[in-house]
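Please treat every number below as a calculation from the coordinates, not as lab data. Small disclaimer: the values here were computed from a predicted structure and weren't measured. Here Cβ is always computed from backbone atoms with ideal geometry, including for glycine, and neighbour counts include all displayed protein chains.
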C-alpha cells in the first residue's frame, strides 16, 4: 500500500486546500483518488479551516512557523482575495489530472484503483468547475483549452461506465471553456496589485514590481551581452543571427530525442558527483515522453516525493505534436531541443538541478519542510545551476555552453518580463509572443506556447526570481563565511530548509 502520513491539523488544512500539490509534490497518498472541492462553497470551507482548530500552537522551530504562515497566506491570497478558481481553468485541470498515478510509487493495482476512484469523481469535479468558472477571460480559456482536451489521455479504449461518465463530464468542461474562449471578458490581466500579492504571499515577501522589472531588464542586457560574446567566439566572421540559426539547425529528430537525452542525463549526474556540488549523488533517472496533460512545460523532472518510497525519477520531454506539420515539428525541435540547449536542460532538470534537490528534499528535517514547497525556490535553484555549471567548467566552460546558458536564461527572464507585462496590462499576447521571437529567437508554436503560458501561469517568472535570490544569498554567504565558504556547504545549508520561501532564505546563513 502507498504510505499514508498523519499530519497535524494545521498542515492537513493546508493540504485539503491544495490537494494536487499534497499528492503530487509531497506524496501524501491519502489524497489518492480524491479531488479537491473547488466549488465556491468548498473553497470557503477550506479557507475557514486554515490555521487549524482554536488553540493550535505555533511550530517550535521559528523557521518552520514562518514557512507555514507563508503557505497559509498564499492560500488566502489565491482563493480568498483573488479567487483564482473562478477565473483560471488550470486549477480545475490539475484537479482532474490522473497522470500522477503513472509514477511507480506503489504497486500497479493500487495505482490503477486510485486512478479509477479519481475518474469516478470527475462528474462532481466538473460540476464544481463549471459552477466556479464564471469569470474566465477569453484569452485564458483559449490558452488552457489544449490542456483540458489533453485530459482525454486518461480514457481507456472501450472503458466501462466510470470512463463513459468521466468522458461526458470532460465534454461538458471543454464546452464550457469553448464558450468562455469566445464570450469571456477580453482582458486576462490580473492587475499589478493582484500580481504583486500573488507573488509575494507565497514567498514571505512584499513585492515591488517596478524594482523587479528594472532588475529583469538589467538581467536581459547582461544575458544578451553574454550571448553575443559567446556567438562571436564560436564564429567571429558570421553574423550572430546566422550562428544562432546554425546552432538551432543541429537537433535530433523526434524519434531520437529521448535516446540522446539519456546520454546527457548520465553525463550531468557524473559531472555533478565529480565536482561534489550537492550533498547527495545517488540519482537514478529515466527519460520518458511528457503526458499530454502536462505539456505546458517543455520538459520536467518527476521524482519520488518526500513521503513516497524512493523510485527512479522520470525526466519527461514534450515531443512535437503528432498532428503538427513538418515545419512546425522542425520549429519546435530547433527552438527548444537543439544540441546546444539540451545539455543545459539536463543540468537544470537532473543534476545538480531538480533531481539532486528532490533527493535532498526527501531528507528534510520536519513535516513542514517536506510538505510545503516554494516553487520559486525549486525552479530558481535549478535555473541557478545552469550558470553554476558554466562557472564550474561543465564541458570545459566553452562558448557553446555559454550560449545555452544565455539562451535559456533569456527565455526565463523573458517569461518574467511577460508575466509582469501581461498582468499589469503593459503587454498584449501578441506583444509577449513578439518578445519571445525577438529576445529568445523562438518562432511558430514555440513562441506562442511560451507567451500563452504567462496567461494561465502568472508566476512563471519564478525561475529568474528564484535565481536572483540564490545568487544574492551566495554573495552574502561568501562575505559572512569567508574562508569557510564552499559551494557544497552553501548548497547544503539551503537544502536543509527543504524548498523554503525566498523571504526566509536567510536562515541558511544563520544555521549553515
Rounded to the nearest 5, the percent of antiparallel DSSP beta bridges in the chain equals 45 percent
If 223, 257 are placed from fewest to most neighbouring beta carbons inside 10 Å, the sequence is 257, 223
Counted neighbours (other Cβ, 10 Å), sorted fewest up, put 418, 385, 15 in the order 15, 418, 385
Distance in Å, no decimals, from the C-alpha centre of segment 308-369 to the one of segment 186-216 is 27 Å
D (µm²/s, integer) via Stokes-Einstein for segment 290-389, Kirkwood Rh across alpha-carbon pairs, 10 °C, 1.306 mPa s: value 106 µm²/s
Expected sort for 344-356, 233-245, 197-209, 496-508 on mean C-beta neighbours within 10 Å, highest first, is 344-356, 496-508, 197-209, 233-245
Simple SL model, points at 7 angstrom along Cα→Cβ for residue 225 and residue 241; separation in nm is 2.4 nm
By Cβ neighbour count within 10 Å, fewest first, 91, 381 rank 91, 381
Relative contact order in percent for segment 178-283 (Cα pairs under 8 Å, 6+ apart) equals 9 percent
Per-residue ellipticity at 222 nm attributable to helices in the chain (runs of n ≥ 4 DSSP H, -39500 (n - 2.57) apiece, nearest 500 deg cm²/dmol) works out to -19000 deg cm²/dmol
1/(1 + (r/R0)^6) with r = Cβ-Cβ of residue 488 and residue 434, R0 = 35 Å, i.e. FRET efficiency to nearest 0.05, evaluates to 0.25
Rounded to one decimal in nm, the spacing of the 7 Å Cα→Cβ label points at residue 192 and residue 322 is 4.8 nm
The relative contact order of segment 9-188, taking Cα pairs under 8 Å that sit 6 or more residues apart, comes to a percentage of 25 percent
Check: C-alpha center segment 115-133 vs C-alpha center segment 437-465, spacing in Å is 30 Å
Read-out Cα extents along the principal axes in Å, candidates [x] 63, 55, 46; [y] 68, 50, 49; [z] 71, 57, 51; calculated match is [x]
Correct semi-axes for segment 9-188, from √(5λ) of the alpha-carbon gyration tensor and rounded to whole Å with the largest first, are 29, 23, 13
Computed from the beta carbon distance with a Förster radius of 45 Å, FRET efficiency for residue 392 and residue 65 to the nearest 0.05 stands at 0.80
Taking N as the residue count of segment 225-289, its alpha carbon Rg divided by 2.2 N^0.38 Å gives 1.54
For the pair residue 4 and residue 104, the simple spin-label estimate (label points 7 Å beyond Cα toward Cβ) gives in nm 2.6 nm
Taking Cα pairs closer than 8 Å and at least 6 residues apart, the relative contact order of the chain in percent is 17 percent
The ratio Rg/Rh over the Cα atoms of segment 118-231, Rh being the Kirkwood inverse mean 1/r radius, stands at 1.17
In whole µm²/s, the translational diffusion coefficient that Stokes-Einstein assigns to segment 196-344, given a Kirkwood hydrodynamic radius over C-alpha pairs, 37 °C and 0.692 mPa s, equals 175 µm²/s
Between the alpha carbon centres of segment 225-304 and segment 42-82 the gap in Å comes to 39 Å
